[in-house]
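Structure, as structure tokens:
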Amino acid sequence: MTFHDHLLSLLIWVPIIGGFVALTLNGRPVIAKWLSLSLSGLVLLLSVPLYVSFKPGTAEMQFVERSAWIATLHADFYVGVDGISMPLILLTTFTTVIILIASWVNVHKRVAQYFAAFLILEGLMIGVLAALDGVLFYVFWEAMLIPMFIIIGVWGGPRRVYATIKFFLYTFLGSLLMLVALVYLYLKSGSYELEVFQRMPLSLAEQTLIFLAFFAAFAVKVPMWPLHTWLPDAHVEAPTGGSVVLAAVMLKMGGYGFLRLSLPIAPDASRELDWLVIALSLIAVVYIGLVALAQQDMKKLIAYSSISHMGFVTLGLFIGFQIVVYTGRTSGIELGIDGAVVQMLSHGLVSAAMFLCVGVMYDRVHSREINAYGGVVNTMPKFAAFMVLFALANAGVPGTSGFVGELLVILASFRANVWYAFLAGTSLVLGAAYTLWLVKRVIFGEVANDKVAALVDLNGREFLVLGLLALGVIAVGLRPAPLLDVMRSSTQHLAQQLLVSKIAP
């Protein structure tokens, strides 16, 4: 047995166990913080071999581990990664370290529990991304709700109870239908392995019901219009760290669920219902972009921006079917999936940075209202430079990560239907409108009031956090090839699965 044979187990259980240890340090917050940061840093280092030792030329699962778990259910602790899940795990480990550093002096009550909650959440999210067993996937998927529920409910704003209950009910109830689908697939196949589900022939009626059951869980998590209403409330009431992990990683679980379960298990139903997902995605891109323009709260604006940008993810995943219908070409499926995955990773970096920028200003002024600011560049030039960079990335400016994913999805849309591309392209206009409008009113102009005049620029900790995210945004924007090379075999394999009917002859 080698180190690589247990790498995924370490990535999952080190933060979870470490989080429970941190819970016992309630009276010693400094020790709890250092323990949490050290363990999250260790997990980040442990995730590096996933990339370094990853073999990009194959679609096979790598770093696979399997051991007996619940024998009566034929459920195993079965984990592995491919070119789709591995980059998302790296995003998760990187984001967690960023959150803990950013929260170092901003949490004043139940400090040990706060840091412990993020450690436990990190392990559970990695578990979702690595799970190859249906029961294991579902357990990690539902368990993610618990630490997030606590983070918003304990450290959130004045309406945190309302936001927490709404978040929990939406995500939990949608996931119950996923459980029903998984149980049906088990009864039909005798196994909970996702690979078995993907190979199993199913009638179109079966696939349709299974697809809709999965859709209920994943569309809420993305979230897709009109199931999005829980997200702005959750973001506004969550502490800065909660908003960052929610936008940067947890929303990506919905897109990942479509990739890992919905599309390969029910490809025929996905083809039949692609019009529905495309329509909802385009509504999210256009309508929610217009809603973002009307916001006066910075967090709400960024939250609605997240919904609009995640519409590109679901659009990219399902636009490939339309390309086959209209042109008969299959390469567009891979292009759309590549764009969707890159968009997930880019949005993880950019949305995390935007919420952290709001957190930096809120710590000083204690207001999220746009009207409370103006002329911040005069007193915080370093901060202003970072925020302008992240705003440009959010608007999809070339040279930033935000451009790459959106460009790939728009190119895929052009191959299917020029009107799809036109509507998707409005996101670039609307994104520039609401993001640059935000920057104009908050960053530029004359100093608006005494509070802005008294602002102090970034300290070393804040500069480190925003600097690391800026490097990620620029690196993906200028050289996306390494990321695309890692993904290519997995996205090609998924595209091949989608082109083969599973309806039994």
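The values are calculated or read from the model by the stated rules, or taken from the named source; none is laboratory data. Here the structure is a predicted model, which means the values were calculated and not measured. Note that each Cβ is placed from the backbone with ideal geometry, even for glycine, and that neighbours are counted across all protein chains shown.
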Checklist outcome for this item: Over segment 153-207, the set of residues within 17 Å of Ala143 (Cα to Cα) and among the polar types (S, T, N, Q) is Thr164, Thr171, Ser175
Next on the checklist: Residues to consider are Val220, Val245; find the one that is without any contact (Cβ under 8 Å) to a residue 60 or more places away in the chain and among the β-branched types (Val, Ile, Thr).
Outcome noted: Val220
Checklist entry - Which residues, counting only those in segment 162-204, are aromatic (Phe, Trp, Tyr), surrounded by 17 or more Cβ atoms within 10 Å (Cβ to Cβ) and within 16 Å of Ile146 (Cβ to Cβ)? => result Phe167, Phe168, Tyr170
Checklist outcome for this item: Among (1) within 16 Å of the chain's Cα centre (by Cα); (2) modelled with pLDDT of 90 or more, Leu145 falls short only on (2)
Item to check | Hits in segment 135-144 (condition: under 19 Å from Phe115 (Cβ atoms) and part of a helix (DSSP H, G or I)) | outcome: Ala143
Checklist entry - If we scan segment 124-135, do we find a residue that is surrounded by fewer than 22 Cβ atoms within 10 Å (Cβ to Cβ) and either β-branched (Val, Ile, Thr) or touching a residue at least 12 places away in the same chain (Cβ under 8 Å) (or both)? => result yes
Next on the checklist: Testing Ala219 on (1) within 15 Å of the chain's Cα centre (by Cα); (2) not polar (S, T, N, Q); (3) not in a helix (DSSP H, G or I), one condition comes back false. Which one is that?
Outcome noted: (3)
Checklist entry - Taking segment 218-271 on its own, how many of its residues are of a type in the set (Val, Ile, Thr) and under 30 Å from Gln497 (Cβ atoms)? => result 4
Checklist entry - For segment 412-505, which helices (runs of 4 or more DSSP H) that fit wholly inside it have 2 or more residues that are modelled with pLDDT of 80 or more, at negative phi and buried (at least 18 other Cβ atoms within 10 Å of the Cβ)? => result 418-442, 460-478, 481-498
Checklist entry - What is the residue count in segment 381-407 for residues that are assigned to a helix (DSSP H, G or I), crowded, with 24+ Cβ neighbours inside 10 Å and under 18 Å from the mean Cα position of the chain (by Cα)? => result 8
Next on the checklist: Restricting to segment 426-454, name every residue that is more than 24 Å from the chain's Cα centre (by Cα) and among the aromatic types (Phe, Trp, Tyr).
Outcome noted: Trp437, Phe444
Checklist entry - What number of residues within segment 261-286 are of a type in the set (Lys, Arg) and buried (at least 24 other Cβ atoms within 10 Å of the Cβ)? => result 0
Checklist outcome for this item: Lys109 passes all but one of the listed conditions (1) under 26 Å from Leu42 (Cα atoms); (2) basic (Lys, Arg); (3) at pLDDT 85 or above; the exception is number (3)
Checklist entry - Somewhere in segment 376-391, is a residue out of contact with any Phe, Trp or Tyr (no Cβ under 7 Å at 6 or more places or on another chain) and farther than 22 Å from Ala102 by Cα? => result yes
Next on the checklist: Among the residues of segment 150-203, what is the count of those that are more than 30 Å from Lys109 (Cβ to Cβ) and not charged (D, E, K, R)?
Outcome noted: 27
Checklist entry - Which condition number in (1) in a helix (DSSP H, G or I); (2) touching a residue at least 12 places away in the same chain (Cβ under 8 Å); (3) closer than 25 Å to Val135 by Cα is the one that Ala205 fails? => result (2)
Next on the checklist: Given the criteria touching a residue at least 24 places away in the same chain (Cβ under 8 Å) and either in contact with a Ser or Thr (Cβ under 7 Å, 6 or more places away or on another chain) or crowded, with 23+ Cβ neighbours inside 10 Å (or both), does Trp230 qualify?
Outcome noted: no
Next on the checklist: List pairs: first residue in segment 340-364 and closer than 16 Å to Val397 by Cβ, second residue acidic (Asp, Glu) anywhere in the structure, Cβ distance under 7 angstrom, at least six positions apart or on different chains.
Outcome noted: Gln343/Glu406
Checklist entry - Restricted to segment 151-173, and to residues that are among the aliphatic types (A, V, I, L, M) and under 16 Å from Ser103 (Cα atoms), which residue is farthest from the chain's Cα centre (by Cα)? => result Val154
